[in-house]
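Since the structure comes first, as C-alpha cells, the remarks are kept for the end.
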Amino acid sequence: MSTARWGAGFAAAGRFVAEIEAAAAGKGPLKPGYVLVGDEAFLLDRCRGAVMKGFVPAEFRDFCLSEFDLGGTPIFEVLDRAQTPSLMAPFQVIFIRNVKQLYTRGAKKEEFAALDRYFKSPNPQALLVFVADFVRIPSDARRMDLDDKNRFERLTETLGEHCGMVELARVNEEDAMRWIASTAARELADALGADMMLIASEMEKLLLYTLGKGRITLGDVETMVLGAKQRSLYELTDAISARDRVRALALLQGLLNSSDGGEDAAIGHLYMLARTFRQMLVILEKNVRDSRAIWQALWQGFRMPPFAADDLIKQARRYKSRKELTRALRLVARADLELRSSPPDKRLVLERLVYELASEAKAPLPSWAGAQLSFEG
C-alpha cells in the first residue's frame, strides 16, 4: 500500500511494515529497537503482525518471542534477556508493554542509564519493541493534548535517541472509509481471480445487496461473494493442516457466524470440507507440486477456484501419507452421519470435528465409519 495518499497513522505504520519486511528479507537495515507510540489498536496490531511474520517463525515461537510488562518486570531484567543469546533460536523479539512505568514519579536514572548502556552495544540478534500506548496522537497531530505532547517529547528524548519512533496517530474517517473500500475491492478480486464474467455477476449481486446503504464494506463482500466464503474455508483447512487447533476453531466460529443459515448451514460446510480433503488426497497421490499441474490432476467440476490452487497444494503436502487424509475423510463422514441424525447442537458437532481434524491421530476409527465415504463432492 502506498503511504503517500494516507494520513499520518497509516503512513507511519506503512513505513514501519516496509522497513521490517525489507530487514526480514535481508534487503534493509533493522534498528535495535522501535517505539510504537499511540493508542490506535488497529495500527498497533498491524505493526506487531509485521514483526511476528518477519522474525518469529512458528516453529521457534516459544524460544524467540518474549513479552514483558514493566508493571511487573523491571527493565533491567528485560535488558538482561535481550543481551543473552538464545540457544534455541537464531533471533529474539521482545515486546515491552506498560512503558508508562519508565515515566512515573522518580528520576529513573538507573533505568535510563541501563538503557543507554544496552543500546551502545545492542545484541544484533535481538529486537526490542516498546509499546507506548499511553500516548494518544489524534489524526491531526496539531491537536494533541498538552499532557500527551509532553509524554511524546519525553519518549523522543530518551528512547527516541536509540530507537525508531513510529507515530501511530488515530485514523480519521476519510482514511477509515478509504481502507474499507480498498480492502473490500482487494478481497473481491482475490476471491474471484481474473474471471471478469464472474466478477461482474458477483458485483451485480453485491450492488443489489447494498442498495441504499451508500457504501460497500468488507463484511458485505464476505457475506455475498461465494469466492470470499470459499476463501474462508481454505483458511480453515490451512489451520487444520497446520495442526493449529486454536486458529481452526476461531475460523470455524467466523464461518458459522457469517453464514446466513447459522448452524443450519452445517451440512454445506461439511460438504465443502469433504470436497477439499478429497482434492488434497488427489493432489498428494498424483504428487502435484505446482498450480500448472493441478488442472490435469483434477477433473472438470472438481477443481478449486484459481486463487486457492497454490494454498491447497501447500496444505496437501503437509500430510505425509494417504492414510492421514483418509482419516480426515472418515472423520468428516462420521460428522455427516451425526448431523443427519438431528443432534441437539450442530455447532458442537462441527467444533468437535475441527478439533479432531487439527489433532494428531490417536487411535483408528471404527470400521463402520469407512462406509460413509461414498458421498461425492
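Overview of results
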item	result
Helices (runs of 4 or more DSSP H) fully within the stretch 57-164 counting 1 or more residues that are open to solvent by less than 50 Å² (accessible area, probe 1.4 Å) and in contact with a Leu (Cβ under 8 Å, 6 or more places away or on another chain)	75-83, 109-120
The stretch 14-38, residues that are part of a loop (DSSP other than H, G, I, E, B) and under 18 Å from W179 (Cβ atoms)	G38
Helices (runs of 4 or more DSSP H) wholly inside the stretch 260-377 containing at least 1 residues that are modelled with pLDDT of 85 or more and farther than 30 Å from Y209 by Cβ	266-285, 309-316, 322-339, 346-357
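The values are calculated or read from the model by the stated rules, or taken from the named source; none is laboratory data. Predicted model only: the values in this text are computed from it and were never measured. A quick note on method: Cβ atoms are made from the backbone with ideal geometry, for glycine too, and the neighbour counts reach across all protein chains shown. The accessibility values were calculated without ligands, DNA or RNA, using every heavy atom of the protein model including side chains. Shrake-Rupley method; radii C 1.70, N 1.55, O 1.52, S 1.80 Å.
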